Amino acid sequence: MQPPGFRSSWQWLLGIFTLASLAETIFYSQMLAFTPLYLPELGISDETQILVLVGAITAISNGIGIPFLPFWGALADRYSRKPIIVRSFVVILIAASLAYIARSVWVFVLARSLTGFALGNSGLMMTTLSERLPENRHGLGFSIMNSAAPVGAFLGPLTGGWIVDAYGFRTLLFINLVAVSMVVTLLIRGYRDTYRAQEGGQILPMAIESLRIIGRSRRLLALFPALFMLFAGWMLAFTYIPLVVGQLYSGEDPGTIIGLVIGASGFTTMILGPILGALADRMGAWRVLLTGSMVALILWPMPLLTSSLLPFAIVWSVLNGVVSAVFALSFTVLSASADARVRGRVMSFAYMPVNIGFMIGAAVGTRITQTSLFNIFPAAALFTALGLIALVIAYRQDVSTDEG
């Protein structure tokens, strides 16, 4: 039996949002991990074509939704956050249904492209959560919720690999349809939206104003590009990891092995994510974020030293776990850098650096992987180095000097 008021508590809200984020990322990670195995069923058998399509599909599906991000934040501020959050999971349902019935690569590309219209939910969930978290629990709460993304990225391939090998990719899509339907029901019935619109106005001017809010803030104007560069390399590598595993493994169960290799990194994420969040509450989010980013930079070249599957799996597990934990912590810094009055609209852009990273990283990958798949790791190190420099610049911007 739930105690009185439990469903209005920050713990309940954190649980719902974490579960929703987990289900969402499981779906995305399975689409990403097993697309290379599914393309031959849709008539694409040439290895070069598969390399190009994997990058192109990832770039398109992330790029198409970015221009709409200002509108989701404006709509939430103008009316209510809950319908905008639920909207994103309904879009995933539609995309998964279309992918399930796809019998040609172009229908599948359309299904993947529709997922771009699901962007913008995480920032609104984090904004709502920040309003209910105790002051000394922001780092921990944000790290737990945002660890769901990297943990889902490991659970998705890990649980889905053997299903793909035994029953096919469409069976996995049907399971996702059921899971996301349950999340939609939970959000509708279990999430009590206490936010009330604080301003009127037309949506288009409000959307444009969202961009101006970021443009007037020296800290935010520096922080968004920093996070983009910091995570672009990660997204580049993550896009092509299934193909790297396929190159190192020649057995009869590629789906299972891809799932295990990608899945192993989730274990380190589950440990490091909350640890970094708790450290951030004690030592300061910026200090922990900068330190974690430096560790990631040191680790990025390590996969080049591996030549077989097991050493690569171990190195990737540690590396991806560290970067995932840094990713989860970055939202604490972003949220704290935004004025509370407009935090919802700013946080609607929270995943934009990763979405752009997926888009640019995948586009870069279509070129650099033509000579060697392992080129993704020095490229990721270069992106991370640039991101770390930009992060230091962002840190030095005084929020109190923002104009407007």
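The values are calculated or read from the model by the stated rules, or taken from the named source; none is laboratory data. Every value quoted in this text rests on a predicted model; they were computed, and no experiment measured them. Glycine also receives a Cβ, built like all others from the backbone with ideal geometry; neighbour counts cover every protein chain displayed. Only protein heavy atoms, including side chains, enter the accessible area calculation; ligands, DNA and RNA are left aside. Shrake-Rupley method; radii C 1.70, N 1.55, O 1.52, S 1.80 Å.
Among the residues in the range 354-367, are any more than 25 Å from THR291 (Cβ to Cβ), open to solvent by 10 Å² or more (accessible area, probe 1.4 Å), without any contact (Cβ under 8 Å) to a residue 12 or more places away in the chain and assigned to a loop (DSSP other than H, G, I, E, B)?
No, that holds for no residue.
Just to check your reading of the model, which residue among SER337, SER317 is within 22 Å of GLY263 (Cβ to Cβ) and touching a residue at least 24 places away in the same chain (Cβ under 8 Å)?
So the residue among SER337, SER317 that is within 22 Å of GLY263 (Cβ to Cβ) and touching a residue at least 24 places away in the same chain (Cβ under 8 Å) is SER317.
Tell me, which residue of the range 145-168 that is surrounded by fewer than 21 Cβ atoms within 10 Å (Cβ to Cβ) and either touching an Asp or Glu at 6+ places or on another chain (Cβ under 7 Å) or hydrophobic (A, V, I, L, M, F, W, C) (or both) is modelled with the highest pLDDT?
By that ranking, first place goes to ILE163.
So, of the residues in the range 266-291 that are at pLDDT 75 or above and among the polar types (S, T, N, Q), which turns out to be farthest from GLY321 (Cα to Cα)?
It comes out as THR291.
Cβ-Cβ under 7 Å, sequence separation 6+ or interchain: first residue in the range 145-167 and more than 16 Å from GLU24 (Cβ to Cβ), partner of a type in the set (D, E, K, R). Which pairs?
From the range 145-167, the pairs are ASP165/ASP253.
Filter the range 123-182 down to residues that are among the polar types (S, T, N, Q) and more than 30 Å from ALA340 (Cβ to Cβ), then give me how many there are.
4
Here's a check for you: in the range 314-342, which residue that is open to solvent by 10 Å² or more (accessible area, probe 1.4 Å), of a type outside the set (A, V, I, L, M, F, W, C) and outside any loop (DSSP other than H, G, I, E, B) is farthest from ALA278 (Cα to Cα)?
Among residues in the range 314-342 that are open to solvent by 10 Å² or more (accessible area, probe 1.4 Å), of a type outside the set (A, V, I, L, M, F, W, C) and outside any loop (DSSP other than H, G, I, E, B), the one farthest from ALA278 (Cα to Cα) is ARG341.
Mind checking which helices (runs of 4 or more DSSP H) fall wholly inside the range 1-111 and carry at least 1 residues that are open to solvent by less than 10 Å² (accessible area, probe 1.4 Å), more than 30 Å from GLN247 (Cβ to Cβ) and out of contact with any strand residue (DSSP E or B) (no Cβ under 6 Å at 6 or more places or on another chain)?
Ranges flagged: 10-38, 69-78, 81-101.
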